[in-house]
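A short worksheet on the structure shown next.
The values are calculated or read from the model by the stated rules, or taken from the named source; none is laboratory data. Since the structure is predicted, the reported quantities are computational estimates derived from the model, not experimental observations. Here Cβ is always computed from backbone atoms with ideal geometry, including for glycine, and neighbour counts include all displayed protein chains.
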Amino acid sequence: MKKTDGDNEGFDLLTLARLRCSVRAYTSRAVESEKLEYILEAVRLAPSAVNFQPWLFIVIQDEKDRKKLQQCYDRDWFTQAPVYIVACGDHRQSWKRKSDMKDFCDVDVAIAVEHLCLAATEQELGTCWVCNFDTKLCAEILNLPEDIKPLVLIPIGYPENPDVFASTPKKRKAFNEIVKWGKY
């Protein structure tokens, strides 16, 4: 990947957003702890409603623990990733909007997960949002307290195809289909 021109050291946000994609094929290469810490710092800096930060991120690297977690999402490609991060939400800590009691836990965790995915892309690591997994089994495996819910599994690793970021097409609605100015 080539970095953009300009004063910033890394990619600009639009470049990262264009490059980020769901990666479903990984090499066995270990992910450096410095890169994981960088990614997790991006997570820590994510905004949340009323700054309540109702999240917990569990990093799974050990082979035995990875095998256990793989029971929650039985896909061959998923087993290839050398690292999993389980994004959890704590509904006791999340902000609830007064007018309708909307719980913003899932929204807050989603923002943090996308920070994670963008930071991983910047580090040339692949990720994929996995939401279709056995949440009950996951909570049991991780020994989560009742109020902490696993929301997203994120496999992380070096993509098998290093060109995946540039070669994966983006299917997005046209700008004028999603943006209205002033009113509907």
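Worth a mention:
- Matching residues in segment 120-153 - criterion: being part of a strand (DSSP E or B) and farther than 18 Å from D90 by Cα: G126, T127, V130
- Test result for D108, modelled with pLDDT under 95 and either surrounded by fewer than 18 Cβ atoms within 10 Å (Cβ to Cβ) or under 23 Å from N132 (Cβ atoms) (or both): no
- Considering only residues in segment 26-42 that are of a type in the set (D, E) and assigned to a helix (DSSP H, G or I), the one that is farthest from L116 (Cα to Cα) turns out to be E34.
- From K102, K180, residue being touching a strand residue (DSSP E or B) at 6+ places or on another chain (Cβ under 9 Å) and not acidic (D, E): K102
- Restricting segment 120-140 to residues that are crowded, with 22+ Cβ neighbours inside 10 Å and aliphatic (A, V, I, L, M), the residue that is nearest to I58 (Cα to Cα): A120
- For segment 133-174, a tally of residues being of a type in the set (F, W, Y) and at pLDDT 95 or above returns 2.
- Selection count, segment 53-92, where residues are over 19 Å from C131 (Cβ atoms), in a loop (DSSP other than H, G, I, E, B) and of a type in the set (D, E, K, R): 2
- Selection from segment 143-157 of residues that are within 20 Å of E63 (Cβ to Cβ) and more than 15 Å from the chain's Cα centre (by Cα): N143
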